[in-house]
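> Before I ask anything, here is the structure I am working with.
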Amino acid sequence: MSEYNEIDLNSLHAIVLRETESDSIQEIDPNFYRNLSDFIGDLKKQEFDGIENKIKQSLINMASELTSLLLQNRLEKTIRSDDIDFTNLTDEEKFILDAEEKKRERTEMILAATINGKSKFLESLSQTHKVKTVVLRFLKNVDEIVGADLEKYGPFHPEDIATLPYENAQALITKKAATKIHWED
């Protein structure tokens, strides 16, 4: 494993190549994405002029493309597999797959409720989701609005942060008046 601790463009390319040439998920350093993030972050911090800056930007673009290719390839292998082997997955990949599992469970729940005539359950889910709150950062001025929960919100100014019902938040995001932010306690 020690060969993967030091990340550079050549080692990243070798890892991506090894992954794409195999049908199974290859073992990589558990800290791979963090090390890669440090490598790309360090590249971005370096200041150059002229041709050296263009070379740096090309290196960043190549590293970003290789990273995207690697992550997509590893996740597709896992999703296609009937028997997921979590041993070679990083914590970041497991985090993504956890959301995939929740998506599958929700799909099955809606399908089962629909097929089994549980319209009250579906109505309850719909209402709960409609008023579920989302944290937003406003990009534009927005007048006072009445939320899906019938509460009044606003007015808002650029850079304001607010929690709004999901339905209203999605409408503002679609209009590019606000952007969703992830808020952790």
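> Given H placed on each backbone N at 1.01 Å, which residues far from Val134 in sequence or on other chains put an amide H within less than 5 Å of it?
Close amide H contacts, sequence-distant or interchain: Leu164, Tyr166.
> Which ³J(HN,Hα) values in Hz, rounded to whole numbers, follow from the phi angles of segment 89-106 under the Karplus curve 6.51 cos²θ - 1.76 cosθ + 1.60, where θ = phi - 60° and Gly and Pro get x?
8, 7, 4, 5, 5, 5, 4, 5, 5, 4, 5, 4, 5, 4, 4, 4, 4, 5
> For every helix of n ≥ 4 consecutive DSSP H residues, a contribution of -39,500 (n - 2.57) applies; sum these over the chain, divide by its total residues, and give [θ] at 222 nm rounded to the nearest 500 deg cm²/dmol. It would help to have the intermediate numbers written out before the result.
Details: 6 runs with 104 residues, N = 185.
It comes out at -19000 deg cm²/dmol, rounded to the nearest 500.
> Another question, then. Excluding Phe138 itself, what net charge comes from residues whose Cβ is under 12 Å from its Cβ, given Lys and Arg +1 and Asp and Glu -1?
Numbers: positive: Arg137, Lys140, Lys175, Lys176, Lys180; negative: Asp143, Glu159, Asp160.
Here the count lands on +2.
> Taking loop as defined by DSSP and a crowding limit of 15 other beta carbons within 10 Å, which chymotrypsin sites (Phe, Trp or Tyr not before Pro) in segment 45-143 fit? Intermediate values should be presented prior to the final figure.
Values: sites: Phe48, Phe86, Phe95, Phe121, Phe138; in loops: Phe48.
Those that pass, being in a loop and sparsely packed, are Phe48.
> Ranked by Cβ crowding within 10 angstrom, fewest neighbours first, how are Asp42, Asp149, Asp82 ordered?
On the way: Asp42 10, Asp149 16, Asp82 4.
So the ranking, lowest neighbour count to highest, is Asp82, Asp42, Asp149.
> Quick check: residue separation of His182 and Gln46 times 0.36 nm, minus the Cα distance between them. What number comes out in nm? Please list the in-between numbers first.
Details: separation 136, 0.36 × 136 = 48.96 nm, distance 2.87 nm.
Additional length available on full extension: 46.1 nm.
> Here's something else I'd like to know. Return an integer: the convex hull volume of the alpha-carbon atoms of segment 90-130, in Å³ per residue. Mind dumping the intermediate values first?
Details: hull volume 2.3 nm³, N = 41.
Dividing the Cα hull volume of segment 90-130 by its residue count gives 57 Å³.
> Any chance you could check the Cα centroid distance between segment 18-68 and segment 147-185 for me, in angstrom?
35 Å
> How far is it, in nm, from the label point at Asn53 to the one at His157 when both lie 7 Å from their Cα along the line to the Cβ?
Each label point lies 7 Å from its Cα, and together they span 3.4 nm.
> If we count GluC sites (Glu not before Pro) as exposed when they sit in a DSSP loop and have at most 10 other beta carbons within 10 Å, what is the longest stretch of the chain that avoids them all? Each step should come with its number before you reach the end.
Details: sites that count: Glu6, Glu21, Glu47, Glu144, Glu159, Glu184.
By the stated rule (loop sites, at most 10 other Cβ atoms within 10 Å), 48-143.
> For segment 1-122, what is the Kirkwood estimate of the hydrodynamic radius, computed as the reciprocal of the mean inverse distance between distinct Cα atoms, to one decimal in Å?
Working: mean 1/r = 0.0591 Å⁻¹.
Kirkwood radius, segment 1-122: 16.9 Å.
> Quick one: angle between helix 32-45 and the longest Cα principal axis of the chain, in degrees between 0 and 90, rounded to 10, please.
In the chain, helix 32-45 runs at an angle near 80 degrees to the longest axis.
> Taking the number of other C-beta atoms within 10 Å as the exposure measure, put Asp38, Asp83 in order starting with the fewest. Each step should come with its number before you reach the end.
Working: Asp38 12, Asp83 4.
Exposure proxy ranking, most exposed first: Asp83, Asp38.
> A further question on this structure: Distance check, please: which entries in Lys54/Lys180; Lys77/Lys176; Lys130/Lys152; Lys94/Lys180 exceed 27 angstrom between their Cα atoms? List each step's numbers first, then the result.
Working: Lys54/Lys180 32 Å; Lys77/Lys176 35 Å; Lys130/Lys152 15 Å; Lys94/Lys180 23 Å.
Violating the 27 Å limit, Cα to Cα: Lys54/Lys180; Lys77/Lys176.
> Check which residues have an amide H placed less than 5 Å from Ala148's amide H, if you skip close sequence neighbours.
HN-HN under 5 Å from Ala148: Asn168.
Every number here is computed from the coordinates shown, using simple stated rules; none is lab data. Predicted model only: the values in this text are computed from it and were never measured. Positions of Cβ are backbone-derived with ideal geometry, glycine not excepted, and every protein chain shown enters the neighbour counts.
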